[in-house]
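The values are calculated or read from the model by the stated rules, or taken from the named source; none is laboratory data. Everything numeric in this text was worked out from a predicted model, so none of it was measured. Don't worry about glycine lacking a Cβ; one is built from the backbone with ideal geometry, like all the others, and counts go over all protein chains shown.
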Amino acid sequence: MTKSNFNNLVNLLSLDSEKISRLLDISFEVKKEYKTNGPNDLLKGFTSVLFFFFFCLRTRVTFEVAMAHVGGSTINLEPGSVSLGKRETVNDAVKNLSRWVNVIIARTFKHSLVEELARNASVPVINALTDLFHPCQALAFAQTLQERCGDIRGSHVVFVGDGNNVANSLAILSGMMGLDFTLSCPSGYEIPQFVREQIQPIFQQNGCRFAIEHDPQKAVASANIIYTDVWVSMGEEAEKEKKVQHFLNFQVNDTLLSAAPAGCLVSHCLPAHRGEEITDSVLDSDISICFDEAENRLHVQKAILLALLSPKYAL
Ligand code: CP
Ligand code: NVA
């Protein structure tokens, strides 16, 4: 439907710096437009299907609201009712959906499943979080940081927490936007090697630095923004006791912030496990931009939908 080769958003690695900038420009534009003029008809008659295999608040609501703001509609499919891969093959289900709807938005646990959906669908597929990546979150973070700081090139993002889905996407985004990125995690919780291998050249090309620092106090010493996420992600509940023990020194609290430069901001993808990875005093403070970032999920996902579905916004 679009002229661009931006056909799916499964992983930010399929984008580049220019496409990310363009997506963010669209996001700023649609945010301003909505705040000035309210809803429009840009995707009137378009339908999205939401397919969430896991708990969700922000992603589901923001995609539904985004579609409503541009005149489109949404179907929420309960995975249990579809029985994907059991009642019929994933391939057959996706080929059916592709005949009826314009975009498939899926939160699967295994990243390989969202890749399989994208391979088999003839309409765009958007990753709404997998065990490996959360591209929509990373894009909302970029918009929020730009709003707060203007030109963010050269800023230092320090992720204190698990080298998991959110960290992976933030690292890719940082490399593509020319931001330094440090992961501070306990040994054994680093970003997977295959992701590191793919992002290293991106950091080199864009003149920025990727690092891992196991001491959180050292890691935040030159941070412009500290980011964190839950220690125990969805699907990892059985590891809770072990992980909480391993991450005890990685809480984002006032003591850690005293090791960071003045003016350092903090964000979190949410939901937060208050009192574990972050304290109330930090999450609710003026330096916390997590709720602005949650708002920007709406605008940036609207931009993604437009870029995928409307030739006028093709990247
Ligand atoms: N941050 C985020 O994706 O939140 P939900 O799991 O509530 O969608
Ligand atoms: N790492 C978290 C992110 C939630 C948005 C999880 O996977 O549960």
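Could you check the stretch 203-291 for strands (runs of 3 or more DSSP E) lying wholly inside it with 1 or more residues that are within 16 Å of ligand 2 (Cβ to nearest atom) and not hydrophobic (A, V, I, L, M, F, W, C)?
In the stretch 203-291, 225-228, 265-268 are the strands (runs of 3 or more DSSP E) which contain 1 or more residues that are within 16 Å of ligand 2 (Cβ to nearest atom) and not hydrophobic (A, V, I, L, M, F, W, C).
Considering (1) touching a residue at least 60 places away in the same chain (Cβ under 8 Å); (2) over 16 Å from Asn249 (Cβ atoms); (3) polar (S, T, N, Q), say which one Ser184 fails and leave the rest.
Evaluating Ser184 over (1) touching a residue at least 60 places away in the same chain (Cβ under 8 Å); (2) over 16 Å from Asn249 (Cβ atoms); (3) polar (S, T, N, Q) leaves (2) as the failure.
Please tell me if Thr74 is touching a strand residue (DSSP E or B) at 6+ places or on another chain (Cβ under 8 Å) and not in a loop (DSSP other than H, G, I, E, B).
Numbers: touching a strand residue (DSSP E or B) at 6+ places or on another chain (Cβ under 8 Å): yes; not in a loop (DSSP other than H, G, I, E, B): yes.
Against the criterion (touching a strand residue (DSSP E or B) at 6+ places or on another chain (Cβ under 8 Å) and not in a loop (DSSP other than H, G, I, E, B)), Thr74 qualifies.
For residues in the stretch 215-265 being hydrophobic (A, V, I, L, M, F, W, C) and surrounded by fewer than 13 Cβ atoms within 10 Å (Cβ to Cβ), which is farthest from ligand 1 (Cβ to nearest atom)?
Start the filter on the stretch 215-265 by keeping residues that are hydrophobic (A, V, I, L, M, F, W, C), which leaves 219-221, 223, 225-226, 230-232, 234, 238, 244, 247-248, 250, 252, 256-257, 259-260, 262, 264-265.
Now restrict to residues that are surrounded by fewer than 13 Cβ atoms within 10 Å (Cβ to Cβ): 238, 248, 262.
On the way: Ala238: 19, Leu248: 23, Ala262: 28 Å.
Among them, the one singled out is Ala262.
Out of the residues in the stretch 59-84 meeting the condition of being closer than 16 Å to His299 by Cα and of a type in the set (S, T, N, Q), tell me which one is nearest to ligand 1 (Cβ to nearest atom). Talk me through it step by step, then tell me what you get.
Narrowing the stretch 59-84 to residues closer than 16 Å to His299 by Cα: 59-72.
Pick out the ones that are also of a type in the set (S, T, N, Q) and you get 59, 62.
On the way: Thr59: 3, Thr62: 8 Å.
Only one residue tops the list, namely Thr59.
Somewhere in the stretch 105-114, is a residue outside the structural domain of Glu147 (by TED's automatic domain parsing), of a type outside the set (A, V, I, L, M) and away from ligand 1 (no atom under 16 Å from the Cβ)?
yes
Restricted to the stretch 30-58, and to residues that are over 16 Å from Leu308 (Cα atoms) and in contact with a strand residue (DSSP E or B) (Cβ under 8 Å, 6 or more places away or on another chain), which residue is farthest from ligand 1 (Cβ to nearest atom)?
The qualifying residue farthest from ligand 1 (Cβ to nearest atom) is Phe51.
Checking the condition within 16 Å of ligand 2 (Cβ to nearest atom) and of a type in the set (S, T, N, Q), which residue from Asn120, Asn127 passes?
Asn127
Within the stretch 33-48, is even one residue under 30 Å from Phe203 (Cα atoms), at pLDDT 95 or above, of a type in the set (Lys, Arg) and out of contact with any Ser or Thr (no Cβ under 6 Å at 6 or more places or on another chain)?
The answer is no; no qualifying residue exists.
Does Asn206 fit the bill of being in the same structural domain as Glu277 (by TED's automatic domain parsing) and touching a His at 6+ places or on another chain (Cβ under 6 Å)? Write out each step before concluding.
Details: in the same structural domain as Glu277 (by TED's automatic domain parsing): yes; touching a His at 6+ places or on another chain (Cβ under 6 Å): no.
Answer is no for this residue.
Using the structure shown, decide if Asp180 is acidic (Asp, Glu), over 15 Å from the mean Cα position of the chain (by Cα) and under 21 Å from Gln198 (Cβ atoms).
When the stated conditions are applied, Asp180 passes them.
Just for the stretch 47-75: of the residues that are closer than 20 Å to Asn120 by Cα and more than 16 Å from ligand 2 (Cβ to nearest atom), which one is nearest to the chain's Cα centre (by Cα)?
Out of the qualifying residues, it is Phe51.
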